[in-house]
Number of protein chains: 4
Amino acid sequence: MPVIDLDGVRALGRELSNWGRWGEDDERGTLNLITPEVVTAAAATVRRGVSFALSVPADENGPHDMKTSGRFNPIHTMTRYRGDSPRGDAWDFASSEDMLIIGTHSSTHFDALAHLWYDDLLYNGRHHDTAVTAWGAVHGSIQNLVNGVVSRGVLVDVPRHLGTTHLAPGTQVGPADLDAVLGAAGVTPRPGDVLLLRTGTYPRQRRGLDVAPGASPGLTWECARWIRDHGIAAVCADNLAVEALRANGDGPMIPFHMLAIRDMGLLLGEMFDFEDLAEDCAADGVYECMFVASPLNIPGGVGSPVNPIAVK
Amino acid sequence: MPVIDLDGVRALGRELSNWGRWGEDDERGTLNLITPEVVTAAAATVRRGVSFALSVPADENGPHDMKTSGRFNPIHTMTRYRGDSPRGDAWDFASSEDMLIIGTHSSTHFDALAHLWYDDLLYNGRHHDTAVTAWGAVHGSIQNLVNGVVSRGVLVDVPRHLGTTHLAPGTQVGPADLDAVLGAAGVTPRPGDVLLLRTGTYPRQRRGLDVAPGASPGLTWECARWIRDHGIAAVCADNLAVEALRANGDGPMIPFHMLAIRDMGLLLGEMFDFEDLAEDCAADGVYECMFVASPLNIPGGVGSPVNPIAVK
Amino acid sequence: MPVIDLDGVRALGRELSNWGRWGEDDERGTLNLITPEVVTAAAATVRRGVSFALSVPADENGPHDMKTSGRFNPIHTMTRYRGDSPRGDAWDFASSEDMLIIGTHSSTHFDALAHLWYDDLLYNGRHHDTAVTAWGAVHGSIQNLVNGVVSRGVLVDVPRHLGTTHLAPGTQVGPADLDAVLGAAGVTPRPGDVLLLRTGTYPRQRRGLDVAPGASPGLTWECARWIRDHGIAAVCADNLAVEALRANGDGPMIPFHMLAIRDMGLLLGEMFDFEDLAEDCAADGVYECMFVASPLNIPGGVGSPVNPIAVK
Amino acid sequence: MPVIDLDGVRALGRELSNWGRWGEDDERGTLNLITPEVVTAAAATVRRGVSFALSVPADENGPHDMKTSGRFNPIHTMTRYRGDSPRGDAWDFASSEDMLIIGTHSSTHFDALAHLWYDDLLYNGRHHDTAVTAWGAVHGSIQNLVNGVVSRGVLVDVPRHLGTTHLAPGTQVGPADLDAVLGAAGVTPRPGDVLLLRTGTYPRQRRGLDVAPGASPGLTWECARWIRDHGIAAVCADNLAVEALRANGDGPMIPFHMLAIRDMGLLLGEMFDFEDLAEDCAADGVYECMFVASPLNIPGGVGSPVNPIAVK
């Protein structure tokens, strides 16, 4: 893809902007595209009654390290187990307890619109000083998704389309690729769709299958316009950051994020796992599903771990 | 309800037992009742395309206190906000981060089957020494729900049926009450249904509406048989523990839990919020919905925070 | 005490300021008063070879609540116990593990100089934008105390001097009180001394002894000058915030903190427990000790839990 | 060193046992050797009034990884910084906050006597079922050290004695080495001494200086008898586990730990940093100091992070 500089991002951002489109107080962005009709149509895609988890385990086997990424992998600890009873009493039953210490962006997750911005302004023109405080996001928090994301999910299985197991490091997926893969799958994108972008990388790395080091493959910034034009409500990918990393030369590091989250108000999901779903889609030739995901109900949260499911 | 003693629980447990029913290695219990046909029928209940969150916020306003319950309320903290950029570099964008420290049973949650047992044995006869270790549940973990719970949800709005806003402390909901409320709602229970028991208590306490102290109202242990007979797959309630607390005299404290989780392998959800859903059901007279909930993907977890949704 | 307004704090702060006194790059403030001679003299106060813990337990029985104070009490959980061995292997030994989740100011602790400021500037003129970032304190962190605080500790047992067990809510301790109590104890303050202010309140509240609700008693802002004049290196108190709370009318809430930490660079310790030490001092009539406290070695930390000890 | 098998450990453990030596209820073990006279003599070693931190930073740069060691490195996060004020109000001052999530054995720390045992029994014959529960250590907790460890510290700088910067992987330090190094340093061990064992390894690895991979050098199990004979109260080392790792062939992995903690009730400190102290000792030829360390006041804790100091 061509390199885009910061001014280019700004100009394209203005062009693709959804600010004000759903009211000056809107905090939901492209979720507004998921109308009741879209929800009903999504439910109608359920034909066989089978569901697939789209998350990786929220465990210590993540890519994070406080030393390098400033994030840590989820920590799960048991605090009571075996036959231990609750404190200080005799009980007829025994029970177990555990806890989770988790950065909201450290495993399969959604980015709240308050997660990323530039030029001091968040989606819909909120200033970061008043929108994202020490006490949580005042605007654009993850609670805007609290009723769940229920829409048609459309699997874009790029490596399978190319006849390979996974995309090589650095592979860039552009608008033409989206058209080609969807076309071959017999899917016509509709407003409100959730794009499920399979690169085959992160979930396979977790399984120890793909070891080639390198930059995560993903979308180019040019896909922002394609997504805007097709009325896509969310993009969820099985890589670290949806977009292709180390792909924009000396320009901004993640231009797609800047355009998508801040200008378009687009919901992004990252570190998904489409391996089982993709096998099923390849087997039955049906690349659409009912996608359902609901983030935890975290007041002021700027992201949430989530275990989305696809139902076919 | 009559008091049941430990031997009574044991005897009734043997009678209602689902051990071996779905194979000696089964770890999913009554989730097996949610067949593909049940899933498809659940999707078919979606008519208007509206969804409702069924969780309370995962925040500090919970009922827990390490001093009294040995649990703590969820802790959510921002770790980066306003215009701060990631560490040590110049960036074109700004972003925010946060984290969550959460006991898996401290907010709206599901109990894994490994969460509770008696006489040293868990559901399907697993011994606690090998099933629930310091490293997590080896059997009956929350990962058995990882593909999500998608089924027909049936709202049992007891207080509205009784013409009140919420049940008084100590109110016991028995099998005849379930029949009466469902009958009035025009709902015939079906195998695989998820029972959504509204008492009107905990969510209203959080809102500061109901202040009468006292024992949480809920199901009697006698409902276990009703649930077994009707093939209910899960019971989710808007109180602390599904069942009526302090209701069994000198007998076991939570006999319904003992029967449900350990003997029947029944999925229980607690601390739900049905306030919005209940308003809607009362308005349109439709008490069924597509219930979708997927716990976090926690290896060995004995519970999970969850934000279930109802779609109508 | 007379009420002081913000301009009054500013003026007095300039007068008492230690900015530049130990160099323009100094981050240690009054710790500079603890010279090698002071350390040696402190060690020479050890006569009987007995030591006293000056901390309260770092446990759930603290005063904090996220709902009201935005802080939580320390959370300690076992993660392995009884005869469980490390994961996945046979071992000849068994071991236990635990973890601590702790706000650095939520139990007995020191405030780093980066913990509090006003007018955008911290001690020694550092601007908060560059001194206290999302990645920790760049200047004035707790690591400036990493070699420990070893000095003469001087117990100021105000309630015992007044013939009572503890100070009533709202009691203000002023410069004349300090002179009177120390004089009666036969102690002449020396440069580098650590003042150990006993009010008898918080540790007794933890023990369930004092239940009178009300504002924490403590120092008046006028003590700042006394402390400056006597070359005191640190003030540690057994209340929540060293100074008297709700004592300054419509003026700044904690003027002593503003003067002490920001202008004077004074080390403050809070939530200490002097009950055992005070008994001993009353018994042998010796109110000085070797005070030793070393915070955890936390890069960028703005405070640290600590268990200081007094050796006599 | 010769390999010792489990029966050998048991036999030697009985021989070196301190069970019952300080009463059948004793939980302090060799800390009993630190008599008031020892404390006073320790204070008398302070001549120059200089102190040294003996800890490594409690940060993300530790050796732990949940995947391999089941422990995680300390996590320190800011939760308020820059000019943010406390929630929801106008304030005259600004302040910062942070928190620490830390395994008690994951940085410089002491092992409580409840941390390790074999044959189901802890120090002084406590059974693990009643001594180390889900609610913390009932016997042998870290609170037994709450008044601090104040004694003479004696630096055993093995690499410097050998004319090198650090010990090679696998190096075993036996009783004769202890005699040789101390003899050359002009130090005669005394009852109650704290042995400060410098290998030069872990702190240098943290600094990126020593990269040779391999088993941590340290004490042999034979040192247990030497330590018992000399009345040593504690051993603190700058490696991961005091003793030489992977040094006992097919025998127990850490026989010194088994003998020291469980049979002798010996206090062990690990992951210390003696680099600065060692430079100073080499410069002035004085290898003794006043050692002061006080663990956090954690009820039931089986270890504690600590920042010990040496004062000379």
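The values are calculated or read from the model by the stated rules, or taken from the named source; none is laboratory data. Keep in mind that what you see is a predicted model, and the values were worked out from it rather than measured. Please note: Cβ atoms are built from the backbone with ideal geometry, for glycine as well, and neighbour counts cover all protein chains shown. With ligands, DNA and RNA removed, areas are computed over all heavy atoms of the protein, side chains included. Shrake-Rupley method; radii C 1.70, N 1.55, O 1.52, S 1.80 Å.
Give me the distance between the Cα centres of the range B:53-127 and the range A:58-129, rounded to whole Å.
About 6 Å separates the Cα centre of the range B:53-127 from the one of the range A:58-129.
Can you list the HN-Hα couplings for the range D:108-125, worked out from phi with the Karplus curve (6.51, -1.76, 1.60; θ = phi - 60°), rounded to whole Hz and with x for Gly and Pro?
With coefficients 6.51, -1.76 and 1.60, one gets 4, 7, 9, 8, 6, 5, 7, 7, 8, 6, 8, 6, 6, 10, 8, 3, 6, x Hz.
Take every residue in peptide A:33-43, count the Cβ atoms of other chains within 10 Å of its Cβ, and give the average of those counts.
For peptide A:33-43, the averaged partner shielding equals 4.
Tell me, what is the percent relative contact order of the range A:192-312, built from C-alpha pairs under 8 Å that lie six or more residues apart?
Reported as a whole number, the value is 25 percent.
What list of ³J(HN,Hα) values in whole Hz, one per residue of the range A:49-56 in order, does the Karplus curve 6.51 cos²θ - 1.76 cosθ + 1.60 (θ = phi - 60°) give from phi, with Gly and Pro shown as x?
x, 10, 10, 9, 6, 10, 10, 8
Which of C:MET271, C:HIS257, C:ASN239 sits closest to the plus end of the dipole of the range C:225-312, meaning its Cα is farthest towards the positive end, when Lys and Arg get +1 and Asp and Glu get -1 on the C-beta?
Value computed over the given set: C:HIS257.
Return the long-range amide H neighbours of C:VAL138 (sequence gap of 5 or more, or a different chain), with a cut-off of under 5 Å between placed amide H atoms.
Under 5 Å from the amide H of C:VAL138: C:VAL132, C:THR133.
R0 = 51 Å: FRET efficiency of B:ASP25 with C:ALA282, Cβ-based, nearest 0.05?
Efficiency, rounded to the nearest 0.05: 0.15.
Among the lysines, which have Cα under 30 Å from the Cα of C:LYS312 when same-chain residues fewer than 8 positions away are ignored?
Filter leaves D:LYS312.
Suppose a student asked you for the relative contact order of the range D:30-185, using Cα pairs under 8 Å spaced at least 6 residues apart; what percent would you report?
19 percent
Tell me which residues come under 5 Å, amide H to amide H, from A:TYR118 once H is placed; ignore anything under 5 positions away on its chain.
Amide H to amide H, under 5 Å and 5 or more residues apart or across chains, A:TYR118 pairs with B:ALA94.
Take the eigenvalues of the Cα gyration tensor for the protein assembly as shown, scale each by 5, and report the square roots as semi-axes in whole Å, largest first.
Over the Cα atoms of the protein assembly as shown, the ellipsoid semi-axes are 52, 35, 33 Å.
For the range A:109-262, state the average projected area of the convex hull of the C-alpha atoms over all orientations, rounded to one decimal in nm².
10.3 nm²
Taking every residue in B:102-110, how many Cβ atoms of other protein chains lie within 10 Å of its Cβ, on average?
Taking the mean over all residues of the peptide, I get 4.
Write down the Å³ per residue value for the convex hull defined by the alpha carbon atoms of chain A.
166 Å³
Using DSSP, restrict attention to beta bridges with both residues in the protein assembly as shown and report what percent are antiparallel, rounded to the nearest 5.
Close to 70 percent.
Charges at C-beta only: +1 for Lys and Arg, -1 for Asp and Glu. How large is the resulting dipole of the range D:75-145 about its Cα centre, in Debye rounded to 20?
It works out to roughly 80 debye.
Heavy atoms of the protein only, probe of 1.4 Å, neighbouring chains included. What is the accessible area of D:CYS236 in Å², nearest 10?
0 Å²
Only bridges with both residues in the range C:87-210 count here: give the DSSP antiparallel percent, nearest 5.
DSSP beta bridges in the range C:87-210 are roughly 45 percent antiparallel.
Would you list B:VAL50, A:VAL138, C:VAL46 from the most to the least accessible area, probe 1.4 Å?
Sorted by accessible area, descending: A:VAL138, B:VAL50, C:VAL46.
Mind checking the mean number of beta-carbon atoms from other chains within 10 Å of the Cβ atoms in A:63-75?
5
Could you order D:THR188, D:THR104 so the one with the most accessible surface comes first? Probe is 1.4 Å.
D:THR188, D:THR104
At 1.4 Å probe size, what's the solvent-accessible area of A:ARG48? Round to the nearest 10 Å².
My reading of the accessible area for A:ARG48 is about 100 Å².
Which three semi-axes in whole Å describe the equivalent ellipsoid of the range D:107-167, each the square root of 5 times a Cα gyration tensor eigenvalue, listed largest first?
For the range D:107-167, the ellipsoid semi-axes come out as 33, 15, 10 Å.
To the nearest 20 debye, what charge dipole does chain A have about its Cα centre, counting +1 at the Cβ of each Lys and Arg and -1 at the Cβ of each Asp and Glu?
Value, rounded to 20: 280 debye.
For chain B, what is the calculated [θ] at 222 nm in deg cm²/dmol (nearest 500), taking -39500 (n - 2.57) for each run of four or more DSSP H residues and dividing by its residue count?
Calculated at 222 nm, the ellipticity per residue is -5000 deg cm²/dmol.
Once phi is turned into ³J(HN,Hα) by the Karplus curve 6.51 cos²θ - 1.76 cosθ + 1.60 with θ = phi - 60°, what whole-Hz value does each residue of the range A:261-270 show in order, with x for glycine and proline?
6, 7, 8, 8, x, 8, 6, 10, x, 10
Which percentage, to the nearest 5, of the DSSP beta bridges contained in chain C is antiparallel?
That works out to approximately 65 percent antiparallel.
Roll a 1.4 Å probe over the protein chains and send me the accessible area per residue for chain D in Å².
32 Å²
Excluding residues fewer than 8 places away in the same chain, name every one of the lysines whose C-alpha is closer than 18 Å to that of C:LYS67.
Cα-Cα hits under 18 Å: B:LYS67.
On full extension of the chain, what length is gained from A:ARG207 through A:ALA176, given 0.36 nm per residue of separation minus the C-alpha to C-alpha distance?
Stretched out fully, the A:ARG207 to A:ALA176 stretch lengthens by 8.2 nm.
Considering amide H positions built from the backbone, and no H for Pro or chain starts, which residues 5 or more places from D:ALA237, or on another chain, come under 5 Å of its amide H?
Hits under the 5 Å cutoff: D:LEU197, D:GLY269, D:GLU270, D:MET271, D:PHE272.
With a ≥ b ≥ c taken as the square roots of the eigenvalues of the C-alpha gyration tensor of the range C:175-277, please select rounded if a/c is under 1.5 and otherwise prolate if a/b is larger than b/c or oblate if it is not?
Here the range C:175-277 falls in the oblate category.
Per the Kirkwood formula on distinct C-alpha pairs, the Rh of the range D:24-170 is how many angstrom?
20.0 Å
For the range A:1-53, state which GluC sites (Glu not before Pro) are in a DSSP loop and have at most 10 other beta carbons lying within 10 Å of their beta carbon.
For GluC sites (Glu not before Pro) across the range A:1-53 that sit outside H, G, I, E and B with at most 10 neighbouring Cβ atoms in 10 Å, the list reads A:GLU24.
Treat every Asp and Glu Cβ in the range D:109-264 as -1 and every Lys and Arg Cβ as +1, leave all other atoms uncharged, and give the resulting dipole magnitude about the Cα centre to the nearest 20 debye.
480 debye
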